[in-house]
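S.K.: Take this structure, written in structure tokens, and hold onto it; I'll ask about it next.
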Amino acid sequence: MTTHDGVSDASADSDRLTDSQDIIVAENVDKWFGDFQALDNVSMNIKEHEIVVILGPSGSGKSTFIRCLNRLEEHDAGRIVIDGIEMNDDVRNLNAIRSEVGMVFQQFNLFPHLSVISNITLGPQKVRHMPKAEAQQLAMQHLERVGIPEQADKYPAQLSGGQQQRVAIARALAMQPKIMLFDEPTSALDPEMIKEVLDVMRELAESGMTMIVVTHEMGFAREVADRLIFFDEGALVEQGTPQHFFENPEEERTKLFLSQIL
Amino acid sequence: MADMPMQQPPGRIVLPPHRVRASRPFSVRAREWVRRNLFPSRNGTILTVIAVGFLGALLAGVIWFVFIDANWRVITENRWLLFAGGYPREEAWRLWMGMGFTFMLIGLTYGTWSSFGRRDHIFVGLISAFVVFLMAHGGASIWSSLWFLLAVGVMYLSYAVTVRMPRELGPIRTLQQRVVGGLLILALPIALMILLSGDASARQLDGFVLNLVLAPVGIVGGLAMAIPLAIGRASRMKTISWTCTAYIEIVRGAPLLGWLFVALFILDDVIGGSLIVRAMVVMAVFTGAYMAESIRGALQALPRGQYEAAHAVGLSRLQALRLIILPQALRISIPPIVGQAIAIWKDTTLVTVILPLRELKGNADSAIAQFEFTPDRIEAYVFVAVVFWAVAFMMSRISQRVERTLGVGER
Ligand SMILES: Nc1ncnc2c1ncn2[C@@H]1O[C@H](COP(=O)(O)OP(=O)(O)O)[C@@H](O)[C@H]1O
Ligand SMILES: [Mg+2]
């Protein structure tokens, strides 16, 4: 299905992936900012329940790629299909895709004027038209899942960074997405708060969520990822299992990057 | 962290009782305060002495003028002229009712979202004393004083009722906020209806009442235009953004005086209507352009991440704007918007300069045009200035209160 050998290894490793479908298909995706090419012919298939970690130096197009997956950026060429829905200018498709894909940002991006619980109920109420009481119940469930139900009535500014990021995860989960995108979710956190966020993500991975995670947390990548993908200069350079990556990466650029980061 | 102690819900900050810190006797602390703040060094002492001398002389001058030199008959004899001028006498109850309605809203608003502090009570007391003194002086109808005091009573009553309602989130609180919020939104139309139904017409708005009507119409109308203008100017659709930009830049390019000329000569053919209505339109159009720029600044100051997070949770463009972007942008732009509001409040005097309309300052001119009061023009203008200052001061205090209640600047 994919061109690289490492991928088939990854799929074989993990039995829970064997009978699942490709939930994300990206084919030859290009993205330009003016005359700067941010994505260069990127193709990848991601199966349902798969955990993919994207690595790469700063400016290599990691964010741009995952932002294309929920249309925060529009790709200029190629094809993106999410759960069978083609990503194009059709607004209905766009809304359908957005409600299947949750996103967690580096800077949390909570709504500062809303309480924690309102941050979470907003989407279910306004997009899914869920009654308020039901939405609040759902929100509390997700706050419990990320471990901070007691913070429900506070405002984002009253929480620590780690707590804010966990609220952001709960906010995304409350839309009951099939796919979760994480763009460097721990990069803005103080070291002592990184673990609490990674623990939540680990639990989420175990529950079978399809996840694409851009991160520099190698421990997380090694332990949780089914597949690692290395980006450089807008292109997908190498992919494979964590074992493949950390023990015998093939490409020179991958080796160089890993030697710098490990 | 998850194991942090439970904190107070936001909005109510509880400080430790003041006395805990005040362990030393008052006299010691007072002496220390005086030394630190008034006589910190030799040069500081000299400055304090000079400043005290200057302020003392100023105060003495003011007292001498107010209580000895000035002849306030120009005000007391013309109080109705200054207050409502040509408004029909037999419809005067509408003025008191409008005042009572406004005061009730103030009471409801403070009772729902804020609370009266000692300073507010002092301010209300001073204003009431001033008004009653003014009306009682020279044997005016005692009814006016009574009506005014009744309006103040209504304010405290509606305050007392609402402030006792529970503040915890819940259906009662939500209902209370909706009712008071709805009343606030409808306040201006209701007040105008009270003032202008029956035999009274816009043409007869006069004196201070005219200022009190023109400014809110300009402010509320301006705000209503400013929000779409600001959003339009930031729009990606060029035709919309160019139109809004052109509007803003053209309106801001000429002074209010110029636009009032337009109201006098050009608008007559375009929209007709009474002069006062045309003046209202011009005020709203003018204020709207300035407020739009304040709001646009706030829109641009919002981090991109807010738009992106809104889209990521699936909100449509319009929902994102209404639920995420505008509430934050409006909150940020309260200080400049209040600045515009105070400016337009003072600029209501300009309608007298251009249009044959008689607001407070215009009627002060008429008062001193009477032969018997020509020597008292300083008194008349001092009075007008103090009244304008008091309202402007009140506006800025209220905006400070709103900012604090909404937590401006706390992200
Ligand atoms: N909105 C934009 N306009 C112009 N250039 C952009 C924009 N967003 C990203 N880029 C450029 O695209 C490249 C890839 O960015 P990004 O995907 O954010 O990299 P990464 O997340 O891997 O650090 C960078 O060189 C960045 O400067
Ligand atoms: Mg990035």
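The values are calculated or read from the model by the stated rules, or taken from the named source; none is laboratory data. Keep in mind that what you see is a predicted model, and the values were worked out from it rather than measured. We place every Cβ from the backbone using ideal geometry, glycine too, and count neighbours over all the protein chains shown. Note: accessible area is taken over every heavy atom of the protein model, side chains too, but ligands, DNA and RNA are not part of it. Shrake-Rupley method; radii C 1.70, N 1.55, O 1.52, S 1.80 Å.
S.K.: State to the nearest 20 debye the size of the charge dipole of segment B:85-200 about its Cα centre, where the only charges are +1 on K and R beta carbons and -1 on D and E beta carbons.
M.R.: Values: 8 positive and 5 negative charges, 88 e Å.
In total the dipole reaches around 420 debye.
S.K.: Lysines near A:LYS132 by alpha-carbon distance under 28 Å, same-chain residues fewer than 8 away left out - which ones?
M.R.: Within the straight-line cut-off, A:LYS132 pairs with A:LYS154, A:LYS178.
S.K.: Same structure again: For segment B:113-137 and segment B:353-403, compute the distance between their C-alpha centroids and round to whole Å.
M.R.: So the separation of the two Cα centres works out to 19 Å.
S.K.: I want to verify the translational diffusion coefficient of chain A in µm²/s; compute it with Stokes-Einstein, Rh as the Kirkwood radius over Cα pairs, at 37 °C and 0.692 mPa s.
M.R.: D, rounded to a whole number, is 174 µm²/s.
S.K.: Restricting attention to segment B:189-271, which trypsin sites (Lys or Arg not before Pro) occupy a DSSP loop and are surrounded by at most 10 other Cβ atoms within 10 Å?
M.R.: Here the trypsin sites (Lys or Arg not before Pro) that fit, given the DSSP loop and packing criteria, are B:ARG236.
S.K.: A further question follows. Based on Cβ point charges of +1 for Lys and Arg and -1 for Asp and Glu, what charge dipole magnitude is obtained for the protein assembly as shown about its Cα centre, in debye rounded to the nearest 20?
M.R.: The dipole of the protein assembly as shown has a size of about 4040 debye.
S.K.: For the protein assembly as shown, what is the accessible area per residue in Å², given a 1.4 Å probe and the full set of protein chains?
M.R.: 51
S.K.: Percent relative contact order of chain B, based on C-alpha pairs within less than 8 angstrom and at least six residues apart?
M.R.: In percent, rounded to a whole number, it is 19.
S.K.: So what J values fall out for segment B:184-201 if you push phi through Karplus, 6.51 cos²θ - 1.76 cosθ + 1.60 with θ = phi - 60°, rounded to Hz, Gly and Pro as x?
M.R.: For segment B:184-201, the Karplus curve yields 5, 5, 8, 3, 5, x, 5, 4, 5, 5, 4, 6, 10, 7, x, 7, 6, 10 Hz.
S.K.: How large is ³J(HN,Hα), in whole Hz, for each residue of segment B:341-346 in order, when computed from phi with the Karplus curve 6.51 cos²θ - 1.76 cosθ + 1.60 and θ = phi - 60°, using x for Gly and Pro?
M.R.: With the stated coefficients, segment B:341-346 comes to 5, 5, 4, 6, 4, 6 Hz.
S.K.: Select from B:GLY85, B:GLY117, B:GLY100 the residue whose mean-square fluctuation is largest in a Gaussian network model of chain B (Cα-Cα springs shorter than 10 Å).
M.R.: B:GLY117
S.K.: Can you tell me which lysines have their Cα less than 20 Å from the Cα of B:LYS346? Leave out same-chain residues fewer than eight positions away.
M.R.: Within the straight-line cut-off, B:LYS346 pairs with B:LYS361.
S.K.: I'd like the distance separating the alpha-carbon centroids of segment A:193-211 and segment B:278-326, in whole Å.
M.R.: For segment A:193-211 versus segment B:278-326, the Cα centre distance is 36 Å.
S.K.: Turning to a different aspect of this structure: Evaluate segment B:125-272: find the radius of gyration of its Cα atoms, find its Kirkwood radius, and give the ratio Rg to Rh. Could the numbers behind the result be given before it?
M.R.: Values: Rg = 21.6 Å, Rh = 20.0 Å.
That ratio equals 1.08.
S.K.: Please report, in Å, the Rg and the Dmax of segment B:205-411, where both are computed over Cα atoms only.
M.R.: Over segment B:205-411's Cα set, Rg and Dmax evaluate to 20.0, 73 Å.
S.K.: Give me the summed buried accessible area for the A-B pair, 1.4 Å probe, to the nearest 100 Å².
M.R.: 2400
S.K.: For segment A:160-211, which trypsin sites (Lys or Arg not before Pro) pass both filters: DSSP loop (anything but H, G, I, E, B) and at most 10 other C-beta atoms within 10 Å?
M.R.: Loop-located and lightly packed - none at all.
S.K.: So who's got an amide H within less than 5 Å of the one on A:GLN106, skipping anything under 5 residues away but keeping other chains? H placed 1.01 Å off N, in plane.
M.R.: Here the answer is A:ASP183, since their amide H atoms fall under 5 Å of that of A:GLN106.
S.K.: Of all DSSP beta bridges in the protein assembly as shown, what percent run antiparallel (nearest 5)?
M.R.: 55
S.K.: Return the single residue from A:ALA157, A:ALA205, A:ALA225 with maximal mean-square fluctuation; model: Gaussian network over chain A, springs between Cα atoms under 10 Å.
M.R.: A:ALA157
S.K.: Oh, and also: Would you look at the GNM of chain A, springs on alpha carbons closer than 10 Å, and say which of A:MET201, A:MET180, A:MET130 moves the most?
M.R.: Of A:MET201, A:MET180, A:MET130, the most mobile in the Gaussian network model is A:MET130.
S.K.: OK, next. So if we plug the beta-carbon distance of B:ARG178 and B:ILE266 into 1/(1 + (r/R0)^6) with R0 = 35 Å, what FRET efficiency do we get, rounded to 0.05?
M.R.: So, using R0 = 35 Å, E works out to roughly 0.25.
S.K.: With a cut-off of at most 16 other beta carbons within 10 Å, and DSSP calling the residue loop, which GluC sites (Glu not before Pro) in segment A:19-78 qualify? Please list them. Numbers along the way, then the final one.
M.R.: On the way: sites: A:GLU27, A:GLU48, A:GLU50, A:GLU73, A:GLU74; in loops: A:GLU48, A:GLU50, A:GLU73, A:GLU74.
Here the GluC sites (Glu not before Pro) that fit, given the DSSP loop and packing criteria, are A:GLU74.
S.K.: Heavy-atom accessible surface, probe 1.4 Å, ligands and DNA/RNA ignored: which residues of segment A:99-122 lose at least 40 Å² versus the isolated chain?
M.R.: A:ASN109, A:PHE111, A:PRO112, A:HIS113, A:LEU122
S.K.: Rounded to the nearest 500 deg cm²/dmol, what is the calculated helix-only ellipticity per residue at 222 nm for chain B, with -39500 (n - 2.57) per DSSP H run of length n ≥ 4?
M.R.: -23500 deg cm²/dmol
S.K.: A further question on this structure: Ignoring ligands, DNA and RNA, what percent of the 1.4 Å accessible area of segment A:27-105 is carbon and sulfur? Walk me through the numbers before you get to the answer.
M.R.: On the way: 1330 of 3110 Å².
Whole-percent figure for carbon plus sulfur exposure: 43.
S.K.: Additional query: Would you pull out the residues with amide H under 5 Å of A:ILE54's amide H, same chain only if 5 or more places away, H placed 1.01 Å from N?
M.R.: Counting only residues 5 or more places away or on other chains, the set is A:VAL213, A:VAL214, A:THR215, A:ILE229.
S.K.: Through the Karplus equation 6.51 cos²θ - 1.76 cosθ + 1.60, θ set to phi - 60°, convert the phi angles of segment B:251-261 into ³J(HN,Hα) values in whole Hz; use x for Gly and Pro.
M.R.: Coupling constants for segment B:251-261: 5, 6, x, 10, x, 4, 3, x, 5, 5, 4 Hz.
S.K.: I've got another one for you. So what is the 222 nm mean residue ellipticity for chain A from helices alone, if each DSSP H run of at least 4 adds -39500 (n - 2.57) and you divide by all residues, rounding to the nearest 500 deg cm²/dmol?
M.R.: -11500 deg cm²/dmol
S.K.: With every protein chain kept in the model, how would you rank A:GLU247, B:GLU359, A:GLU100 by accessible area, 1.4 Å probe, largest at the top?
M.R.: Order by accessible area, largest first: A:GLU247, A:GLU100, B:GLU359.
S.K.: For segment B:85-200, what does the alpha-carbon gyration tensor say about shape, rounded, prolate or oblate, given a ≥ b ≥ c as the root eigenvalues, a/c under 1.5 as rounded, and a/b over b/c as prolate? Before the final figure, lay out each step's value.
M.R.: Details: a/c = 3.33, a/b = 1.47, b/c = 2.27.
Cα axes put segment B:85-200 in the oblate bin.
S.K.: Put +1 on the Cβ of each Lys and Arg and -1 on the Cβ of each Asp and Glu in the protein assembly as shown; which of B:ALA187, B:ALA390, A:MET211 then has its Cα farthest toward the positive end of the dipole?
M.R.: Of the listed residues, the answer is B:ALA390.
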